[in-house]
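Just so it is clear, none of the values below were taken in a lab; they were calculated from the coordinates. Because the structure is predicted, anything quoted here is derived from the model rather than measured. Glycine also receives a Cβ, built like all others from the backbone with ideal geometry; neighbour counts cover every protein chain displayed.
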Amino acid sequence: MTTRKASALPRLDRRALVASGAAAALLAATGMASAGVPRRGGRLRVALERPEGDTLPAARAAVFDTLMEIGADGLLTGELATGWDSDADAMTWQIRLRPGVTFHDGTRLGAEDVAASLRNAPFWADATDIAAVARDRVRVTLAQPDPNLPFRLADPALIVTPHGIATDDPSTWNGTGLYQMISARPGRHFLGRRLERHYKDGRAGWADAVEFVVVPDARVRAEALAGDHVDVAERPAVDALPASDSLARLPAGMAGQVAARRGVGIPAHVGTRAPLDDLRIAERWWLA
């Protein structure tokens, strides 16, 4: 047996926009270093590229949790899971769930929500059985041994939803994450408010609110950042960023780039497996 344990808001002024992830080494090279100890407060505003479909992945990651989380330093920890173990063949896994977790509508998270969410994910075609065996325990039986299953459970696509029902419409999102949807337009805009109490208190979720707005034009994203209409811009047109001590600029031609105001606090380690700090920018970055 192997065992592993885890230890009324204003909206962005889009009239100004119309008028007008990066690796840790890249951030350090451009002045986007850690701003010290994170602090709570403010609204983190992010300008995004056009998403695929209607889903805003970074916003979805702010609303929903997964069972596991791979930190920016590469270490695996539990998110909704507090522990997991397998049989000797790594084919049957038992996953223990965090107690006392509720969805944003107040409904208590149960093992059946987790099991249904996994069953409904195409990723789990190789599982022969996924069952809620107790209110706080899920059993996953695989067709083939997989000692890396806990890492697979950290896939950002494997979010846990009520009854396993997922939707790309952010106006209907009801998760267990740090931020609750306040207003949203599919594929265009998301505004979320930090929950007053969450199991990640003191470890993540520093901004009181997070706002994601889709700005398809890279030059307009740069202008929005330079004009202080947003705090972070995904892949802005670097040549459109003015020379300013208030901005952290990135070299041109590098994939996965972002730019931010120097007043944005960034962790010492930034995840690079997916854009925007492994899509966890909402919970990991802060306003210094």
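Numbers at a glance
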{"read-out": "Using θ = phi - 60° and Karplus 6.51 cos²θ - 1.76 cosθ + 1.60, couplings along the stretch 266-278 (whole Hz; Gly, Pro as x)", "value": "10, x, 4, 10, 10, x, 10, 6, 9, x, 6, 6, 6"}
{"read-out": "The stretch 133-269, relative contact order [Cα under 8 Å, separation at least 6], %", "value": "12 percent"}
{"read-out": "Quotient of C-alpha Rg and 2.2 N^0.38 Å, computed over the stretch 64-186", "value": "1.04"}
{"read-out": "Among 158-170, 226-238, 119-131, the order from most to least packed when residues are scored by Cβ within 10 Å on average", "value": "226-238, 158-170, 119-131"}
{"read-out": "Karplus-derived HN-Hα couplings along the stretch 140-155 (A = 6.51, B = -1.76, C = 1.60, θ = phi - 60°), whole Hz, x at Gly and Pro", "value": "10, 10, 9, 6, 9, x, 8, x, 8, 3, x, 5, 5, 5, 8, 4"}
{"read-out": "³J(HN,Hα), Karplus 6.51/-1.76/1.60, whole Hz, each residue of the stretch 206-212, x for Gly, Pro", "value": "8, 6, 6, 8, 10, 10, 10"}
{"read-out": "Amide H within-cut-off set for VAL264, under 5 Å, with H built and near neighbours excluded", "value": "ALA288"}
{"read-out": "Peptides 259-270, 73-84 ordered by average Cβ neighbours within 10 Å, highest first", "value": "259-270, 73-84"}
{"read-out": "Value of relative contact order over the stretch 128-176, rounded to a whole percent, pairs C-alpha under 8 Å and six or more apart", "value": "22 percent"}
{"read-out": "Linear extension gain, ASP155 paired with PHE123, 0.36 nm per residue minus alpha-carbon span", "value": "10.6 nm"}
{"read-out": "Label point at THR55 placed 7 Å out along Cα→Cβ; residues across the stretch 172-210 whose backbone nitrogen lies under 17 Å", "value": "172-177, 185-190"}
{"read-out": "Ranked packing of 95-101, 55-61, 146-152, 280-286, most packed first, by mean Cβ within 10 Å", "value": "280-286, 55-61, 95-101, 146-152"}
